[in-house]
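Scroll down for the structure; my scribbles are underneath it.
The values are calculated or read from the model by the stated rules, or taken from the named source; none is laboratory data. The shown structure was predicted, so the numbers you read here are calculated from the model rather than taken from an experiment. Note: ideal-geometry Cβ built from the backbone for every residue, glycine included; neighbour counts use all protein chains shown.
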Amino acid sequence: MDLKANVTHIVIHNHNNAATNNQPPPPPPDMNTNIHQSAMDVDKIATSPNAPDAVPDLIDQIASSRSISLEDPQARLRLRDAARSLANALETPQEAILRYCWSEATGHAAIETAVDLGVFSELVGGEPKSVDELAVATGSDPVLLSRILKHLAALEVITETGPDEYTATNFATTLSLPRYAGSFPALCHWFFPGIYALPEFLKKTGYRNPSDATNSAYQLGHHIDEHFFECAQKNPTLNRQFSNHMSVYRQGRPSWMDNDFYPVRKRLVNGTNIRGKDVLLVDIGGSTGHDVSEFRRRWLDVPGRLVLQDLPEVVATVKDLHESIEPMAHDFFTEQPVQGARVYYMHSVLHEWPDDMCHKILSNLVPAMTPGYSRALISENIVPSLDAHYETTSLDIIMLSIASGERTEGHWTKLIESSGLKIVKIWTAPKGVESLIECEIGDGKLSRR
């Protein structure tokens, strides 16, 4: 109920009470007074903890984790999430505003500057270093560098060991390697302009869910007409950085190839007669071969050929593949040339495209698949109906800026079935991690779009 409705309710309530007691009704309250009182109430809320009632239980949850092993990834993640929830519960709304508006954007800028200067490489593996030493090593202005490093220390990216003296944290050590550090320029130059333009774009388009990959916040933010992937093809450096970012994103996470995630041998090998010349798996849109190479390393004894497909300019950069992996130039918007493979695999391909384009990608698989034998394995995030993880929702908003997105189970089912396939089973890993959607040829009811 809004403020005006509240005031009206108070007036009617008081009038009825006065009539009951045969007393003249009091004068209506001054609207300005009520607005002022409401503002005072919000000001009090803004400087109070976000969720004080949640604090005791969160403290107990964290205290009960005292004896956990940090080598247990799921236990560590539960403790991390509880600690984050505690920090958010203790934080006031006013503090949250400053964190979102001040520290997160400026922290990104400071990290990218330090990466470009090579500061993190200078801090790794030695004694603490002074600003003057780091300024000489990086060729930067010591006054400027001092400002950057103080902010990084305040954000706990590096550790302050004395006045204008710093050492590396594990985070800073990680950022000394280009394949990790490249995430910052890649996201800054590729996605941030579109993300920052998203509110304006959604307002201009009447708050409709975008579905045109050539008319999205990405184009508005970059002031261009080209699709995201057209831009990527023209910038090999950013393309490489983004590819590294995606490999970093996947590192240390459960893989569908793990024995306790998806039973590869039982589902894909047992009961078949795959021989050396037969195609076991086609990695569609597989970039430079991260996934297919991992599959070969993990399942070296499994027979059959492996095919890596991507655009010609991507395939041309592929190096050091296992002899059983065949690179093949292919545009997944055209019909699949490899017929009768056991598995057609896609990892984080469909979330980059709106539904009509995904329908085309999936429909191109169906003619190549052998009924009762071929499987499509789709590795993607599935947004849960409750308690979605911030990594999943963050990725969804990033994809929203290019008119695509993460999908719920219902959305995936509708999309897949309309493309001539049907879901056999969804294999799900813990919260915040991708699922594997196992599909086969459907009942022939292909929906035309």
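With respect to Ala186, is the statement that it is buried (at least 20 other Cβ atoms within 10 Å of the Cβ), touching a Leu at 6+ places or on another chain (Cβ under 7 Å), in a helix (DSSP H, G or I) and modelled with pLDDT of 95 or more true? No: the conditions fail for Ala186. With the requirement that a residue be surrounded by fewer than 16 Cβ atoms within 10 Å (Cβ to Cβ) and either hydrophobic (A, V, I, L, M, F, W, C) or modelled with pLDDT of 90 or more (or both), what does region 258-270 give you? Once the filter is applied, which keeps residues that are surrounded by fewer than 16 Cβ atoms within 10 Å (Cβ to Cβ) and either hydrophobic (A, V, I, L, M, F, W, C) or modelled with pLDDT of 90 or more (or both), region 258-270 yields Pro263, Arg265, Lys266, Asn270. For region 340-395, the tally of residues that are more than 13 Å from Glu434 (Cβ to Cβ) and acidic (Asp, Glu) stands at 4.
Can you name every residue in region 124-182 that is polar (S, T, N, Q), closer than 26 Å to Gln241 by Cβ and part of a helix (DSSP H, G or I)? First the steps, then the outcome.
Taking region 124-182 first, the residues polar (S, T, N, Q) are 130, 138, 140, 146, 159, 161, 167, 169-170, 173-174, 176.
With the extra rule that they be closer than 26 Å to Gln241 by Cβ, the set shrinks to 138, 140, 169-170, 173-174, 176.
Of everything in region 124-182, those that are polar (S, T, N, Q), closer than 26 Å to Gln241 by Cβ and part of a helix (DSSP H, G or I) turn out to be Thr138, Asn170, Thr173, Thr174.
Identify, from the list Glu104, Glu133, Glu71, the residue that is farther than 26 Å from Tyr196 by Cα, at pLDDT below 95 and of a type outside the set (A, V, I, L, M, F, W, C).
On the way: Glu104 fails: farther than 26 Å from Tyr196 by Cα; Glu133 fails: at pLDDT below 95.
Selected residue: Glu71, the only one of Glu104, Glu133, Glu71 that is farther than 26 Å from Tyr196 by Cα, at pLDDT below 95 and of a type outside the set (A, V, I, L, M, F, W, C).
Take Pro49 and decide whether it is assigned to a loop (DSSP other than H, G, I, E, B) and at pLDDT below 90.
Values: assigned to a loop (DSSP other than H, G, I, E, B): yes; at pLDDT below 90: no.
Here the answer is no, as Pro49 does not meet what is asked.
Being surrounded by 14 or more Cβ atoms within 10 Å (Cβ to Cβ) and in contact (Cβ under 8 Å) with a residue 24 or more places away in the chain is a property that holds for Pro128.
Out of Val307, Val338, Val318, I need the residue that is of a type in the set (Val, Ile, Thr), surrounded by 21 or more Cβ atoms within 10 Å (Cβ to Cβ) and touching a strand residue (DSSP E or B) at 6+ places or on another chain (Cβ under 7 Å). Which one? Even if it seems obvious, please write down each step before you answer.
On the way: Val338 fails: surrounded by 21 or more Cβ atoms within 10 Å (Cβ to Cβ); Val318 fails: surrounded by 21 or more Cβ atoms within 10 Å (Cβ to Cβ).
The match here is Val307.
Counting the residues of region 308-359 that are within 15 Å of Ser293 (Cβ to Cβ) and of a type in the set (D, E, K, R) gives 5.
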